[in-house]
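Just so it is clear, none of the values below were taken in a lab; they were calculated from the coordinates. What you are looking at is a predicted structure, and each value in this text was computed from that prediction instead of being measured. Neighbour counts run over all protein chains shown; Cβ positions are idealised from the backbone, glycine included.
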């Protein structure tokens with residue numbers, strides 16, 4: 001009797017309007033080489049991924065989508081959801097653990113692309129690229145333009161010193177800047193190796209010329225930056241958020257920018273996504289916005305895709321992949337039994 005295939009599903013976001021994969025490389029060739037694995041794309045985008053879409057799968061590679069408790073009801077076969085990125089605030093971790101499902105992320109795939117995106121926003125804001133572009137197109141040339149600023153001698157503060165924050169500081173080492181971070185969980189030796197001073201959040205907000213948010217969205221960080229924090233910032237400072245929208249009070253940020261209480265901002269993430277086109281923040285000329293896409297490079301899709309396909313292959317062999325975020329599931333007897341079935345069938 002032929003062994004049943006290990007089934008991998010992927011979200012429809014990987015496909016273009018023509019039904020073909022819209023990225024050069026997401027690692028599917030790795031799955032093609034494994035004769036015991038088959039993969040499919042789920043049919044439709046829905047507000048959340050329902051169990052009827054993934055109930056017959058062993059692993060699921062998730063580009064977008066929400067995974068509430070309802071997703072896991074009856075999905076007894078599912079063993080892995082591999083997130084296409086590092087955020088997992090759209091997944092009910094407790095429900096996943098109860099259902100014996102690992103949730104894994106791919107931090108190494110986004111480290112460089114997001115860090116480069118943050119630095120790109122720093123340059124775009126500092127050098128007034130967008131206002132210069134608008135002035136040139138409008139025919140006003142240099143009339144009334146603000147001068148830009150250089151990075152040398154400025155202070156960069158990061159809210160978070162994890163995977164992405166450390167890469168930002170590493171890349172900016174030659175720029176002659178002072179580095180600050182607020183991160184209650186950072187290892188002192190990591191900060192020291194990057195010449196980063198570990199301080200409290202008020203100090204980051206007060207002393208930084210650039211504040212970038214790189215921490216994950218958790219119960220602890222939700223609403224972390226609001227009126228009190230923005231009130232501390234210099235009027236010449238820049239604010240950059242490429243992490244998650246709900247970490248920042250968007251209404252307060254909009255008001256701060258409207259009143260020119262800080263110089264400008266670069267925002268890649270919003271409280272609600274997709275952002276409403278009528279959102280007041282989008283009407284301001286001292287903010288650069290992007291659709292949660294600052295890291296969407298060919299290399300990012302390639303690296304995360306290949307990492308996640310490799311995770312699926314590992315699970316098909318009864319192995320535990322790297323970067324499982326709900327690690328408590330690994331200790332459950334029912335999960336270990338599920339994983340053992342793959343080893344026995346290998």
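Tabulated data
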| quantity | calculated |
| --- | --- |
| Equivalent ellipsoid semi-axes, the chain, via Cα gyration tensor eigenvalues times 5, rooted, Å | 41, 22, 18 |
| Distance between region 278-322 and region 45-107 - C-alpha centres, whole angstrom | 16 Å |
| Most mobile listed residue (107, 188, 321) in the chain, GNM with C-alpha springs under 10 Å | 188 |
| Net length gained if the chain between residue 337 and residue 278 were fully extended (0.36 nm per residue, minus Cα distance) | 16.1 nm |
| Average Cα contact separation per residue, region 110-289, under 8 Å, 6 or more apart, as relative contact order % | 19 percent |
| Region 214-326, relative contact order [Cα under 8 Å, separation at least 6], % | 21 percent |
| Protection-proxy order for peptides 62-72, 269-279, 132-142, each taking the mean of Cβ atoms within 10 Å per residue, highest first | 62-72, 269-279, 132-142 |
| Degrees between helix 333-345 axis and first principal axis of the chain (Cα, 0 to 90, nearest 10) | 70 degrees |
| Viscosity 0.890 mPa s, 25 °C: Kirkwood-radius Stokes-Einstein D of region 110-289 over Cα pairs, µm²/s | 148 µm²/s |
| Between helix 129-138 and the chain: long-axis angle, C-alpha atoms, 0 to 90°, nearest 10 | 70 degrees |
